[in-house]
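S.K.: Provided herewith is a single structure, encoded as structure tokens, for subsequent inquiry.
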Amino acid sequence: MASSMMSPPMLMNKSNKPQSRTLIATRKQYQTSTSIRAMKIEKTLEELYSIKVERKVSKERLSELGVSRWSVWKTGKCKLPWDWQVDQLVYIEEGEVRVVPEGSESFMSFVAGDLVRYPKWFEADLFFNDFYQERYKFRAYGDD
């Protein structure tokens, strides 16, 4: 008994193997769409380098993290090359830092009130234009 379904018309390709017209149409559409749909996807430096930032952190959040018990670090106007050997959580109490990742010409800017998590092995130059003070805590694996 013959099937009531019809198969698509068959063509022969260069190797003399049957090929359906729908497959040929799909290839042509794909070739056209890939050349037209080229798109540039841009990420922020924070996303590229896995830096997590919370802006204008609330007193409740700071209390929850125990920031008042963290170590304090201060500096004046300077440039410091820095590399993180472990994850570090930083709360900026005063000032601003510009962070230029190694090999980049762009920078990230963090200011007083920001909570920043730098990942292990991140390398950057830090630029301080005036007095700067932060509280910091080194994080071990599983401290989330």
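S.K.: Could you give the radius of gyration (one decimal) and Dmax (whole number) of the Cα atoms in region 74-122, in Å?
M.R.: Every Cα atom of region 74-122 included, Rg and Dmax give 11.0, 28 Å.
S.K.: When ranked by the protection proxy of mean other Cβ atoms within 10 Å per residue, highest first, what sequence do the peptides 109-115, 50-56 form?
M.R.: Ranked from most to least packed, the peptides come out as 109-115, 50-56.
S.K.: Highest mean first, what order results for 129-140, 86-97 on Cβ atoms within 10 Å?
M.R.: Answer by packing, highest mean first, reads 86-97, 129-140.
S.K.: Calculate, in nm to one decimal, what residue 48 and residue 72 gain on full extension: separation in residues at 0.36 nm each, minus their alpha carbon distance. Mind dumping the intermediate values first?
M.R.: Details: separation 24, 0.36 × 24 = 8.64 nm, distance 2.78 nm.
In short, 5.9 nm is gained.
Here, each number is a calculation from the coordinates, and none is a lab measurement. Here the structure is a predicted model, which is why all the values come from computation and not from measurement. FYI the Cβ positions are ideal-geometry reconstructions off the backbone, even for glycines, and counts take in every protein chain you see.
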